[in-house]
Amino acid sequence: MSLNSKAAPVSFRNVTKIYGKDVVAVDDINLEIEAGKLVTLLGPSGCGKTTTLRMIAGLEMASRGSIHIGDRDVTLLPATDRDVSMVFQSYALFPHMTVMENVSYGLGFSGFDKAETKDRAAQGLDLVGLRGFGDRLPSELSGGQQQRVAVARALVLEPQVLLFDEPLSNLDAKLRRQVREEIREIQQNLGLTVVYVTHDQEEALAVSDDIVVMRNAGIAQIGTPRELYDAPADRFVADFIGEANIIPCEIIAIRDDMASIRVGAFEHALPARGLQAGPALLAVRPTRLKIGASDGMDMTIAKATYVGSRMEYTLEAAFGQIFAISENVDAPLEVGSEITVGLDEIGPVLLPVDVTG
Amino acid sequence: MRELTSEKTTHPVLLFWIIAGWVGFFLLPWYGVEAFFSFEWMVDGYPFDPDYAPAGFLVAQGEKLWLAPMVLALIAPLAVLRKRKIDPIYAKMLILAGAFGFGWMILQGFAIGIRGWNFEWATALFGDLGDRQYGMGYGALICASAFLFLLTQGIAARGAINGDVFVVSAIGGVIVIVTAFVFFPIAKMLTAAFITDEGGYSVGVFLSKFFDDRLWGLGCLSGGRCGAAWNSLFLAVLVGFITTVLGLIFALVVTRSGFRYKRALRALTVLPIITPPFVIGLALILLFGLSGSVTVFFADVFGVQPTRWLYGLPGVLIAQTLAFTPIAFLVLIGVVEGVSPSMEEAAQTLRASKWQVFKTVSLPLMRPGLANAFLLGFIESMADFGNPLVLGGNFDVLSTEIFFAIVGAQYDQGKAAVLAMVLLCFTLGAFYAQRFWLGKKSYTTVSGKGDSGVHPHMPRALSVPVLVIAMIWAGFTAVVYVMIFYGSVVELWGVNNTLTFKHYVTAFSFRFEDGGIRWSGAAWDSFWTTLKIAGIAAPLTAIVGLITAYLLTRQSFAGKNAFEFGTMLSFAIPGTVIGVSYILAFNVPPIEITGTGIILVVSFIFRNMPVGVRAGIASMSQLDKSLDESSLTLGANSWQTFRRIILPLLRPAILAALVYSFVRAMTAISAVIFLVSAEYDMATSYIIGRVENNDYGLAIAYSTTLIFVMLSVVALMQVIVGRTEIGRRMTQSRSNV
Ligand SMILES: Nc1ncnc2c1ncn2[C@@H]1O[C@H](COP(=O)(O)OP(=O)(O)O)[C@@H](O)[C@H]1O
Ligand SMILES: [Mg+2]
């Protein structure tokens, strides 16, 4: 016998959550989470991530709409009756129980007999690398170890969905990378459905199959890390996922889904992404600027910083400042020098002019 | 650049204590003057009259020559005044001078008393002294403090606790006062239990008093009367258990139910705390006594013959339960609220039903609170004196037996000491049992940031009975209080029910006379004394309690556990025991304060200090230590940190400690009854005196007044200290309903 997964998909249909009378924490969202995937809810603080997660857990009830897990409508089921477990931000380990008792806790309510419970709990601890720690109290563990106990406690129930609320936020920087890789590995090995909340875009890019970017109680964009990075839907996403320079531009012509744009005197062609001629925004990652290209925008170097592996430049242009990174550390450019900056073939994308955010 | 303290050659603190020592020795009267706060001695023969003379004058006149060596300890520190702190001679000199001065002080204080040498072997060795001395006065007190703090400065200079003078001095100070006012009297009492009528020591005396049938008899098992020890134990266990359960019920209603009138319920449960405990006993008599309203009602309607069922175990049990449930509630509410909501949510997501969550997570996490509440109820019941006196009937308990041993015709100090020892053994036993039950497990939530959420409501199977019990109890409490008020305005209960303010007039009348007010009411004397004593004791209690809490939570030093145990010990010592031990310890030099107001103040400080400590610890452990540390790195020393950072953040704890110690000082009876004197009579002992004379009307009117006074004082303190409340979460969210 080994730990398996009963991974199931989750689906939100027009779900709204209102706290009290008028605090709208989640506003009419639709969301499909595939079975066996790790999906991240990413967004700035207060945008409704935790609330969404807690609605999956059954710790908050949706004010409107319906939630399905597998083929079951769970909208009205309380946490106890859902087949979902959660790893809390504070871990929420029971301080009066040993590690073993903590991990066995849920099994006891799930109809396993004593031997099986023990067996499974031991396997859970094995899986997170804590074999032999069963008799300790949570207070006798380090932060990272407590975290793993919390994961093991949730895992052993073989939940349909496993939830993580900012699981790395109480760990120090060095541990974060390691723990997030472990979580990802376990998820992939067992084929779990995991919903993972974070406000750290790097963390999200690193662990996710899909990322749901949230903003102001709604969903801004859903996609794979690559899609979000390379083709953000709007300025908010472009800015939130990685850094992007937003440059106002003018689409002068569209031909075969290719747009010709103009920034000042500089002209360039790139995929139109369904935009029409007229004003638009150009999003360019700092690494996708060609400093010193023959054809480009005129700029002045306002600031140059050497950070070891690369040079970071702040450039002054007619439309404002932008930020660029250059791999060329051997011949840095002087502050004050005038240069032309071109665009890479792939990377820069067109965005509609802001309506929101 | 900050000046490095290790390089400084001026030491203002050192200078201060040296001067204090000189003033104490050469300027102030060395021995105790009649009234501590009166300054008559200044014009009455000072400085040459031996009663009022400073030690320096006595020695110069060739009297009390045993005081002379202390001069050495006063001169020595001057030698290092200009030395740097890191100079080894600095520390060595201060330690020597301080230790010698303090040690000599204690030695001579205990060796020489009002009859010369206190010990026969000393007489044998040195011959008859031909002189005598009385209790310590201002001079001796200040001189002793100076020696103590010279010593602690020396210890600090040697590098103890990072050379922190404030912390070392605070530790030294607390140890000395706790030793002097907790351990010393208890030790004295223990020896008193072995003293024979002739003044010798004998184990036989102790054993004969200890195995008295009135103490351990088991007659009640066969229809007779049981010994006071068994009665007390049985009663205390019952009271501890019932008050804990009721306290938990109230705490659950307030924190985990949708009950609407939580504030009213809270107010109602707090009322008994500001009520002198025996007043509830009186109200029960008005309700269920032979001519009580309920009794009369049943007699009229159902023809039930009135009985004296109330007098004895049932009455005392009901009265104590009413009186002490709020204490359990106050202990439990913090614990019940303190259980992190994510614990309970985590359990829910792990498939535990609400009932299982409550049973396996919430309740076990409340265990320390339950244990504390039980212990408190147990100790309060053991120490309670008023209710058994009023309602006990033939049900003898230790506290009343002790009282009658001391004040009754028997006047048997030895017996009182033995009884007090039994009482102390019970409470210390309970104290240990509690620690044992809690074991080494951890109940504090280990968590970083990010706790939010709300407590789930109780499972329905639990909430219905809980609400019903809470309502019944609240109703009963309300009726009792209405009775108290009503009882104060009737002529003579059960005999003549006409309304009258007669009792208030008797107690609190005043006249304008000769351009002033004449307080002609019978109660004024004890009323003013009570206010004064409580008003002095409350801030002192808060200070000692908070400093101790600061040391316990913020500093680490060798022997910290023993220190904590020592300071919390007086928590387990019933007031009755404190009372007996104080009169045994403090009616002879070196500390001779029986019959003064000081002994009352001191007894209140050490009776109530554990609560100040607890309140302080609770709120200090919530303040992040990085706050102090950042203040320390910013150049403040630990005293400045304590004053500028910790204290302002501790307002709620200060308020709690102030209010609690004030209220306790106003309502206490068990220790007070032994310590009052004609001059310093307290409200509670005065009222008990009225009750013994069957003057219920006056007693109840006085008690009602006290309740209102305390209400307004509590409100006033709230305003003065200001309120800081840190709410943790918003409204109860829908999911948990
Ligand atoms: N129990 C609650 N009562 C009222 N408002 C709440 C409650 N919990 C969260 N909110 C509000 O809902 C919004 C979303 O909160 P949350 O889901 O915790 O955000 P995130 O996890 O993305 O930081 C916030 O504005 C927050 O203030
Ligand atoms: Mg959150």
Modelling each spin label as a point 7 Å along the Cα-to-Cβ direction, I'd like the B:ASP695/B:ARG84 distance in nm, to one decimal.
7.2
Expressed as cubic angstrom per residue, what is the convex hull volume of the alpha carbon set of the protein assembly as shown?
268
Would you pull out the residues with amide H under 5 Å of B:VAL490's amide H, same chain only if 5 or more places away, H placed 1.01 Å from N?
B:THR500
What one gets for region B:543-608 as the Kirkwood radius, inverse of mean 1/r over different Cα pairs in Å, is 13.3
Neighbour net charge for B:LEU282 - beta-carbon separation under 15 angstrom, K R +1, D E -1
-2
What order, most packed first, do the peptides A:160-167, B:165-172, A:213-220 have when packing is the mean number of other Cβ atoms within 10 Å of each residue?
A:160-167, B:165-172, A:213-220
Taking the Cα centre of the protein assembly as shown as the origin and placing charges on Cβ (Lys, Arg +1; Asp, Glu -1), which of B:PHE557, B:VAL613, B:THR596 is farthest toward the positive end of the dipole?
B:THR596
Quick query: amide H of B:GLY137 versus all other amide H atoms, modeled in the peptide plane; which residues come in under 5 Å with a sequence gap of 5 or more or a different chain?
B:TYR31, B:GLY32
About the Cα centre, charge dipole magnitude for region B:506-573 (Lys/Arg +1, Asp/Glu -1 at Cβ), debye:
200
With charges only on Cβ, +1 for K and R and -1 for D and E, what is the dipole size of chain A about its Cα centre, in debye, rounded to 20?
960
Cα-Cα pairs above 18 Å in region B:245-363: how many percent?
64
Inter-chain Cβ neighbour average for residues A:18-28, partner chain, 10 Å:
1
How big is the accessible area of B:PHE708 in square angstrom, nearest 10, if you roll a 1.4 angstrom probe over the protein chains?
110
Would you compute the Debye intensity of region B:516-732 from its alpha-carbon atoms alone, equal scatterers and no solvent, and pass along log10 I(q)/I(0) at q = 0.15, 0.16 Å⁻¹ to two decimals?
-1.03, -1.12
Could you state the accessible area per residue of chain B in Å², with a 1.4 Å probe and every protein chain left in place?
45
If amide H atoms are built 1.01 Å from N in the plane of the peptide, which residues on other chains or at least 5 residues away come under 5 Å of the amide H of A:ALA280?
A:CYS249, A:GLU250, A:ILE251
Report, ordered by chain and residue number, the lysines lying within cross-link reach of A:LYS303, taken as a straight Cα distance under 19 Å and ignoring same-chain residues fewer than 8 apart.
A:LYS290
Tell me, what is a quarter of the convex hull surface for the C-alpha atoms of region B:5-158, in nm² with one decimal?
9.9
Would you mind telling me the share, in percent, of accessible area of chain B contributed by carbon and sulfur at probe 1.4 angstrom?
65
Excluding residues fewer than 8 places away in the same chain, name every one of the lysines whose C-alpha is closer than 17 Å to that of B:LYS188.
B:LYS415
Of B:LEU424, B:LEU350, B:VAL270, which is farthest towards the positive pole of chain B's charge dipole, taken about the Cα centre with +1 and -1 on the beta-carbons of Lys, Arg and Asp, Glu respectively?
B:LEU350
Under the definition of partner shielding as Cβ atoms of other protein chains within 10 Å of a residue Cβ, what is the mean value for peptide A:153-163?
1
Residue with peak Gaussian network fluctuation, chain A [Cα springs, cutoff 10 Å], from A:LYS49, A:LYS37, A:LYS21
A:LYS21
Sequence order, region B:67-76: Karplus ³J(HN,Hα) from phi using 6.51 cos²θ - 1.76 cosθ + 1.60, θ = phi - 60°, Hz rounded, Gly and Pro as x, gives 7, 4, x, 5, 4, 3, 5, 7, 7, 3
Output the direction-averaged projected area (hull surface divided by four) of the convex hull of the alpha-carbon atoms of region A:199-357, in nm².
10.2
For chain B, which cysteines have no second Cys with its Cβ under 4.7 Å from theirs?
B:CYS143, B:CYS425
Quick check: the angle from helix B:597-620's long axis to the longest principal axis of chain B, C-alpha only, nearest 10 degrees?
70
To the nearest 10 degrees, how steeply does helix A:114-127 sit against the main Cα axis of chain A, on a 0 to 90 scale?
30
Considering only lysines 8 or more places apart in sequence, or on different chains, count the pairs in region B:5-158 whose C-alpha atoms sit under 26 Å apart.
4
What net charge is computed for the residues neighbouring B:ALA671, neighbours being all others with C-beta under 11 Å from the C-beta of B:ALA671, Lys and Arg scored +1, Asp and Glu -1?
+2
Highest to lowest packing among A:94-106, B:368-380, scored as the average C-beta count within 10 Å:
B:368-380, A:94-106
For peptide B:251-259, compute the average count of partner chain beta-carbon atoms within 10 Å of each residue's beta-carbon.
0
Which of A:ILE252, A:ALA280, A:SER337, positive extreme of dipole for region A:243-351 (C-beta unit charges)
A:ALA280
Show that you can apply the helix-only estimate: for chain B, add -39,500 (n - 2.57) for every DSSP H stretch of four or more residues, divide by all residues, and state [θ] at 222 nm to the nearest 500.
-19500 deg cm²/dmol
Which lysines, if any, have their Cα less than 29 Å from the Cα of B:LYS354, not counting same-chain residues under 8 positions apart?
A:LYS6, A:LYS17, A:LYS21, A:LYS49, A:LYS114, A:LYS118, B:LYS262, B:LYS440, B:LYS441, B:LYS449
With θ set to phi - 60°, apply the Karplus curve 6.51 cos²θ - 1.76 cosθ + 1.60 along region B:139-152 and write out the HN-Hα couplings as whole Hz, x wherever there is a Gly or Pro.
x, 4, 4, 5, 4, 4, 4, 4, 4, 4, 7, 5, 4, 5
If packing is taken as the mean number of other Cβ atoms within 10 Å per residue, what is the order of B:355-367, B:304-316, highest first?
B:355-367, B:304-316
Net charge of neighbours whose Cβ lies under 15 Å from the Cβ of A:VAL329, counting Lys and Arg as +1 and Asp and Glu as -1:
-3
Magnitude of the Cβ-charge dipole (Lys and Arg +1, Asp and Glu -1) of the protein assembly as shown about the Cα centre, nearest 20 debye, reported as 1520
Could you go through region B:49-59 in sequence order and give the Karplus-derived ³J(HN,Hα) for each residue, using 6.51 cos²θ - 1.76 cosθ + 1.60 with θ = phi - 60°, rounded to whole Hz, and x for Gly and Pro?
4, x, 5, 10, 6, x, 4, x, 5, 4, 4
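The values are calculated or read from the model by the stated rules, or taken from the named source; none is laboratory data. All figures in this text were calculated on a predicted structure; none of them were measured in a lab. Every residue, glycine among them, receives a Cβ derived from its backbone with ideal geometry; neighbour counts consider all protein chains shown. When the accessible area is computed, the model is the full protein with side chains, heavy atoms only, and any ligands, DNA or RNA have been set aside. Shrake-Rupley method; radii C 1.70, N 1.55, O 1.52, S 1.80 Å.
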